[in-house]
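The values are calculated or read from the model by the stated rules, or taken from the named source; none is laboratory data. Note that this is a predicted model, so its numbers are computed, not measured. Glycine gets a Cβ as well: all are built from the backbone with ideal geometry, and neighbour counts include every protein chain shown. We work out accessible area using only protein heavy atoms, side chains counted, and drop any ligands, DNA or RNA first. Shrake-Rupley method; radii C 1.70, N 1.55, O 1.52, S 1.80 Å.
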Amino acid sequence: MGPNSSEALLRRRDAGTLTWRGPALMLFARAACAVGAQALVAAVLALRSSPTPWHDAEPWLPVYGTLIDAGCLALLWRLTRREGMRPFDLVGFERTRLLRDVLLGLALIPASLVFILGGVYGAGWLLYGTLTPPYLLGGLPLPAALYGVLVFPFVWGLTEQMTYNGYLVPRFRVLSGSTGLAIAVVAFAWSLQHSFMPLTFDAKFMVFRLLSSVPNSVFQTLLCLRLRRLLPLAVAHAVMDGATVLIPLLVPPSRA
């Protein structure tokens, strides 16, 4: 069995190398990194005389998102090293399955969109009374937008899947002894991170971001437990995130 299997995690738990400390630190790490990265961009914009630097930093998420990933990968490296494994072991990559994993990832996109759009439309109707809730991405210079389409989603999709499905779900499952609890805790944290990406200080919008993300977060955790494969989910994640950045280039959105 691989180093991230339940059997291996149980052995490390019994040996004391896997404790609650690591998962607790990782649970809200992406949200914390998101605030720090946005603050850095806002500081740069303030130095360039922006009158509303924090607000102006919001659309730059597809660019500073890589800073969020860098922070999470650094923490994953430190935590997995304590367990005697590497961050990439969380993926369970098998070269012989690469093509099948990519094709499976593409095939998962329609089902994922059902949960994503269902969450967005449902939360939008609940909080705003409309099926077209506010949208923040867009308005980036072409080089930044291209980065957001061609680079950002692939790093983001893999890192996010490694964080929640690769690292957190298996460890909460082993440490708590409950699959249901692991899904609930991780899906909540995964959904909550969207309230800070970007951080708007708009309470209604932050609640919208949280609620709209719950269906897909639960679906993703259940699907990973079923497939026992991380790469297909990362592929689907990356393609959909790239499309999220690309669509405003083709049809500029308006913020309500």
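Quick notes
- Boolean, Phe93 is part of a loop (DSSP other than H, G, I, E, B), hydrophobic (A, V, I, L, M, F, W, C) and either under 30 Å from Arg228 (Cα atoms) or open to solvent by less than 50 Å² (accessible area, probe 1.4 Å) (or both): yes
- Taking residues in the range 70-90 that are under 19 Å from Gly2 (Cα atoms), and partners anywhere that are acidic (Asp, Glu) and part of a helix (DSSP H, G or I), the pairs with Cβ atoms closer than 8 Å and at least 6 places apart or on different chains are Thr80/Asp89.
- Of the residues making up the range 194-214, those that are under 16 Å from Gly122 (Cβ atoms), open to solvent by less than 20 Å² (accessible area, probe 1.4 Å) and in contact with a helix residue (DSSP H, G or I) (Cβ under 7 Å, 6 or more places away or on another chain) number 3.
- Looking across the range 150-178, just one residue is without any contact (Cβ under 8 Å) to a residue 40 or more places away in the chain and assigned to a helix (DSSP H, G or I), and that is Ser176.
- From Arg100, Arg13, residue being out of contact with any Leu (no Cβ under 7 Å at 6 or more places or on another chain), over 20 Å from Ala187 (Cα atoms) and open to solvent by 80 Å² or more (accessible area, probe 1.4 Å): Arg100
- Residue within the range 168-186 that is open to solvent by 40 Å² or more (accessible area, probe 1.4 Å), farther than 22 Å from Arg226 by Cα and of a type in the set (Val, Ile, Thr) present: no
- Search result, residues across the range 96-138 that are without any contact (Cβ under 8 Å) to a residue 24 or more places away in the chain, more than 26 Å from Arg228 (Cα to Cα) and part of a helix (DSSP H, G or I): Tyr121, Trp125
- Residue match in the range 139-149 (condition: crowded, with 19+ Cβ neighbours inside 10 Å and not in a helix (DSSP H, G or I)): yes
- Residue match in the range 39-57 (condition: of a type in the set (Phe, Trp, Tyr) and in a helix (DSSP H, G or I)): yes
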